[in-house]
Each structure stands twice: as structure tokens, then as C-alpha cells.
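Since every read-out is calculated from the coordinates, none of them should be taken as a lab result. Quick caveat, the model's predicted, so the values are computed rather than measured. Please note: Cβ atoms are built from the backbone with ideal geometry, for glycine as well, and neighbour counts cover all protein chains shown.
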Amino acid sequence: MYVPEHFREARVELLQEFVQQHPLAVVVAMTADGLNANHIPLQTKLTADGRGLLRGHIARSNSLWRQVENGAEVLAIFTGADAYISPSWYASKREHGKVVPTWNYATVHIRGTIRFIDDAQWLRDFVGSMTDLHEGGRPDRWHVSDAPADYIDGMLRAIIGFEIEVSSVAGKFKGSQNRSSADRTGVNAALHASGRKTDEIAELAPGSTPV
């Protein structure tokens, strides 16, 4: 991924927070048939040095686990908010007119090596932890035990788990950091006016003057 220094984000704690907020990743792998991409919600735990593990599962009918060997390198792409940025939002348009459109976005790329896990207890524990993570705080939260045990057993037999051992993490938060303070304030105001949520604006115009 091309990352100009303006947009580079290397603070692991912020990258961890980002992937927790945007857990649906595109997992890209090279197979004998070419590139293979799957959209998979992942459970991510990064260590302070930018390593760690990603965990997920796929359907047993998904050929990925047969096409990719354990230890193969894969790439997980997490994406956040994005927005077209109009030159009309910049104060500098009124000053000299030397502005063009761009697109702001936030993404984290995590590389690592994958291994597939076909173990009933591991899958049961993983599905339980993922459920607790995403159901937590809901007033009518669902528990794995809410479904009949034989039904859950059948569903677990229909999936394959995996872990990705992280080798590198790259964050790119492209949020007009290369523009003047006045231009960034204009971007912030326009995003607010368009109805974007506060957390989205925090990704699309980080550090800009709030409106």
C-alpha cells in the first residue's frame, strides 16, 4: 500500500481500536487459480510491537482452506469511512483556485501467515467469543446456548477456523493532513453538513478544527 508520510498511522493502540470498530476484513490470498478475496469478520489482537493474531472462520464449502497451504502469506484489509472531498470546501479555492478533488479514507492492512484449524472445541470457543464480543451490550443479546445444541453442533461442522500470525501492520488515514488548517476546517464543516457521523469525521478529517 502506498502511504505518504502525511497519512501514515503507526500507533498500534489506534490501529487496534480501528480494526475492532471495523472488523469485516477482505482477506486476500494467492492460490493456484490466482488471487482469492473473501470478506470475513475477524477477531484481532495486536501486541505493542505490531504483531499478534487475527482469528476467523469460513464455510467448509469455501475452497480457500484447500487452495491455501498452512504458512502461506495473506493480506487482511480493514476499511473505515470514506468520502469524496470537493475543492469547493477549501478556503484556498477562494484564495487562489489551485485545488482539485480528492478522496479521503481510512484503512489498515495487516499481513501475516495463515493456518487453518479443524477442531470442534477451538471452533466452539471462537464462535462463543465472537458472539460475546458483538452481542455484548445489547438489551436483547443472543447467546450460543439460545439455539438447540444439535443445531449448533451441525453449524460448527460446517465451518473451518483459521489464525493469521501477524507479520506487519500498516495504517493509512487519509484525512486532508496535507492541507492548510483553514482547508481542513472547511472539510470538517462540509462533512458535518452532509450528515456524516462524528466517528466518521474523526477518520476523514483527523485533527481538524471541530465545528
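Quick notes on this one:
- Coordinate range along principal axes, alpha carbons of region 5-64, Å, largest first: 37, 24, 19
- Helix 12-21 and the longest principal axis of the Cα set of the chain meet at an angle near 70°.
- GNM top mover of W142, W122, W65 - the chain, alpha-carbon springs below 10 Å: W142
- Applying the Karplus relation 6.51 cos²θ - 1.76 cosθ + 1.60 with θ = phi - 60° to region 198-205 yields 3J(HN,Hα) values of 4, 5, 5, 5, 4, 7, 8, 9 Hz, where x marks Gly and Pro.
- Pairs of Cα atoms nearer than 8 Å and 6+ residues apart set the relative contact order; for the chain it is 26 percent.
- A dipole drawn for region 1-130 from +1 and -1 charges on Cβ atoms has a positive end, and of P4, H96, G34 the residue lying farthest that way is H96.
- Size of electric dipole in region 1-78: Cβ of Lys, Arg +1 and of Asp, Glu -1, about Cα centre, debye, nearest 20: 280
- Acute angle (nearest 10 degrees) that the helix 120-135 long axis makes with the longest principal axis of the chain, alpha-carbon atoms: 30
- Net charge, I77 excluded, C-beta distance under 11 Å - Lys, Arg +1, Asp, Glu -1: +2
- For G52, distant residues with modelled amide H under 5 Å away: T47, V166
- Cα Rg, Dmax, region 61-211, angstrom units: 22.3, 69
- Inter-label distance for Y84 and K45, nm, one decimal - labels placed 7 Å from Cα along Cα-to-Cβ: 4.3
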